[in-house]
Amino acid sequence: MIVWIVGIAGIILQILCAAASGTGLVVGFIFFLIGFGGMKRENQTLIKLWLSKDTMMIMGTMLVVLIFFLIAYWNVRLMGDTMFPGLLGSAVRDISGKQLLIAGIASASWTLLMLYWLLPTVFDFKGLGLKPQLIALSASAFSILFAALQMD
């Protein structure tokens with residue numbers, strides 16, 4: 001019973017992470033395109049504009065969020081396969097459980113790297129509050145805990 005509770009909590013938290021990062025990507029890209037038109041000047045070529053510092057910072061931030069989104073999606077898919085294996089049963093559950101442990105460790109590593117080094121230091125992005133940080137870290141923790149409980 002505790003495995004199901006941990007699994008459902010992990011799925012909910014990973015879906016929140018994937019939805020928030022996906023929304024951030026779409027909104028960020030739209031605002032980048034809106035601002036991109038205003039950045040153009042007569043003396044700048046399109047290549048110089050794409051290689052400017054501001055454009056590189058925005059694209060780097062969006063790349064970091066895209067990788068986070070893909071890892072969160074990977075975790076949700078594997079948790080779903082582990083909890084609801086379908087007709088193949090225990091074979092899918094065992095394989096998905098082992099892959100989920102790797103995905104959970106990758107999620108925790110990338111989340112820590114992203115939250116405490118890449119976004120604040122490299123890309124100078126300090127807009128993320130404490131609640132999103134706790135949700136992202138607890139989603140990774142629930143993925144690892146669920147995978148460890150599944151591997152009897």
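The values are calculated or read from the model by the stated rules, or taken from the named source; none is laboratory data. This is a predicted model, so every value here is computed, not measured. Methodologically, a virtual Cβ is constructed for each residue, glycine included, from the backbone with ideal geometry; neighbour enumeration extends over all protein chains shown.
Within the bounds of segment 64-73, is there any residue that is hydroxyl-bearing (S, T, Y) and closer than 17 Å to I135 by Cβ?
First pass over segment 64-73, keeping only residues hydroxyl-bearing (S, T, Y): 73.
Imposing the further condition that a residue be closer than 17 Å to I135 by Cβ reduces the set to 73.
Yes, that holds for at least one residue.
Take the conditions (1) touching a residue at least 60 places away in the same chain (Cβ under 8 Å); (2) within 14 Å of the chain's Cα centre (by Cα); F123 misses just one of them, which is (2).
Can you give me the ranges of the helices (runs of 4 or more DSSP H) entirely in segment 23-123 with at least 1 residues that are among the aliphatic types (A, V, I, L, M), at pLDDT 80 or above and loosely packed, with under 15 Cβ neighbours inside 10 Å? So that I can check it myself, show each step before the final result.
On the way: elements: 46-50, 53-83, 90-113.
So the answer is 53-83, 90-113.
Note on segment 124-151: among residues that are part of a helix (DSSP H, G or I) and loosely packed, with under 13 Cβ neighbours inside 10 Å, the one that is modelled with the lowest pLDDT is L130.
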